[in-house]
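Report on the following structure.
The values are calculated or read from the model by the stated rules, or taken from the named source; none is laboratory data. Please read these numbers as outputs of a predicted model, since none were measured by experiment. Positions of Cβ are backbone-derived with ideal geometry, glycine not excepted, and every protein chain shown enters the neighbour counts.
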Amino acid sequence: MRVGLHFFYSRVEVRGKENIPKNKPVLVLPNHQNSFMDALLVVNTMPGFMFFLTRAGVFSSPIASFLLRSLNMLPVYRVRDGLSSVTKNNEIFEYCVELLKKGHPVLVFPEANHDLRRRIRPLSKGFTRIAFDAEIKNNWELDLQMLPVGLNYTEHRRSRNRIRVVYGKPIPMSKYRELYEQDERKAANQLKIDVAEGMKKTTMHVPNLDHYPTLQVVLTDLENDAHQYIDPGRVNEKIENIDSKLTSELIETGKQVVDISNKYNLSIKTINGRKRPWALLVLLFPLYLFAWFNNIIPYLPVRNVINNKVKDRAFDASIKFLISLFFFPAFWGLIALILIIASVPSTYIFGYLILSLYTSIFFKNANHFFREAATQNRLKSLREKAPDEYKVFMEGINSLNEFRSKVL
């Protein structure tokens, strides 16, 4: 998995690793935007033999349950799974307490669901129950630490983007003992508030959902340097600054632009004119060409699953990653087998396999040229078939670009 991540993402940066408690039990609490990839990134950037909770629905079949449990994944049940199922959490939570006592980190998504929007959602109470149970059953001597984690993606649904994993300041459970002994509910609520505030410091957080479309366009879609919005401290300062200057007209413009973008599958980044290192692209053109022809066939089933089977877009990256781990090497192996049958010298076959592995990192950019052309065709079609919406869309982007240049 770690090797697969190296090829799937262009770079995974880690910040705040010094905040990870040493020789203490840790409840790891990341934000949850990108399905399975969130857990995978934490597991591969934090030391320790980690266990993590995930929704029980994915454990539906015996085979899936066996495979997931072999990856240290534990099922957690929600009300939507049925009240009878929720009682099964008692056993899971008790097991988590035992794991923490043994010093194994346990990962829980405190938001309890995923959402591609860049913000911290209201936290559920499940993690507070595990935390307090762990301390109570150990007479408040466990010294359990709550560790907020922020997962920041330049593009959630795409491969070969950059990730920044930010580990926040740990919160000791000992600080809640006195309040818990006075009022258990107040202690749980205070823990949720403190963890939420810690998480907001580790990732981009848009407090006002009504402003979200405008901030999405201004801070991410119109930004050429993706590092600007995966740096939590920097981007959250910008959000506060922009929020104070937003007008009702700009808020409505942002909603219209995002609605039209989603309706017609138009990439605002592409339309705005993403900067590209053209000299490097020309120099590496033969490798891009080889990468596209060599990988487009195994990519087709991946694209088919994403487009026709997956309804929740937060699963796109996870599906791409998991399927690609099998399909791409299998296809290269098939080509190598054909070359062996054709009596091609082993040196060339070995060279083909090495080149396939190396140039796989260029496939996204090679394929992106076709996606950009498709976006331009859809934009042209919109201009011809729905000129009023086209005008609203383009004028909206220009208006938000002007606003951006004034406030940033």
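Being basic (Lys, Arg) and part of a loop (DSSP other than H, G, I, E, B) is the filter; apply it to region 98-118 and report the residue that is farthest from residue 55 (Cα to Cα). Residue satisfying both the conditions and the ranking: 102.
For residue 162, the conditions (1) farther than 17 Å from residue 45 by Cβ; (2) surrounded by fewer than 18 Cβ atoms within 10 Å (Cβ to Cβ); (3) touching a helix residue (DSSP H, G or I) at 6+ places or on another chain (Cβ under 9 Å) all hold with the exception of (1). Looking across region 198-218, just one residue is in contact with a Lys or Arg (Cβ under 6 Å, 6 or more places away or on another chain) and free of Cβ contacts under 8 Å to residues at least 60 places away in the same chain, and that is 213. Checking each residue in region 372-408 for being of a type in the set (Gly, Ala, Ser) and either exposed (fewer than 15 other Cβ atoms within 10 Å of the Cβ) or not assigned by TED's automatic domain parsing to the domain that holds residue 260 (or both) picks out 373, 374, 381, 405.
Restrict the check to region 284-295 and report whether at least one residue is closer than 30 Å to residue 58 by Cα and either touching a residue at least 24 places away in the same chain (Cβ under 8 Å) or loosely packed, with under 13 Cβ neighbours inside 10 Å (or both). Step through it out loud before you land on a result.
Start the filter on region 284-295 by keeping residues that are closer than 30 Å to residue 58 by Cα, which leaves 295.
If we keep only those that are either touching a residue at least 24 places away in the same chain (Cβ under 8 Å) or loosely packed, with under 13 Cβ neighbours inside 10 Å (or both) as well, we get 295.
Yes, region 284-295 contains at least one residue that is closer than 30 Å to residue 58 by Cα and either touching a residue at least 24 places away in the same chain (Cβ under 8 Å) or loosely packed, with under 13 Cβ neighbours inside 10 Å (or both).
Based on this model, can you work out whether residue 369 counts as surrounded by 12 or more Cβ atoms within 10 Å (Cβ to Cβ), in the same structural domain as residue 294 (by TED's automatic domain parsing) and closer than 15 Å to residue 251 by Cα? Quick ask: steps written out before the conclusion?
Values: surrounded by 12 or more Cβ atoms within 10 Å (Cβ to Cβ): yes; in the same structural domain as residue 294 (by TED's automatic domain parsing): yes; closer than 15 Å to residue 251 by Cα: no.
Against the criterion (surrounded by 12 or more Cβ atoms within 10 Å (Cβ to Cβ), in the same structural domain as residue 294 (by TED's automatic domain parsing) and closer than 15 Å to residue 251 by Cα), residue 369 does not qualify.
For residue 310, the requirement of being at pLDDT below 95, outside any helix (DSSP H, G or I) and not basic (Lys, Arg) is met.
Considered as a group, the residues in region 165-181 that are touching a strand residue (DSSP E or B) at 6+ places or on another chain (Cβ under 6 Å) and among the aliphatic types (A, V, I, L, M) include one that is surrounded by the fewest Cβ atoms within 10 Å (Cβ to Cβ), and that residue is 171.
The set of residues from region 164-197 being in a helix (DSSP H, G or I), farther than 13 Å from residue 144 by Cβ and touching a residue at least 60 places away in the same chain (Cβ under 8 Å) comprises 188, 192, 196.
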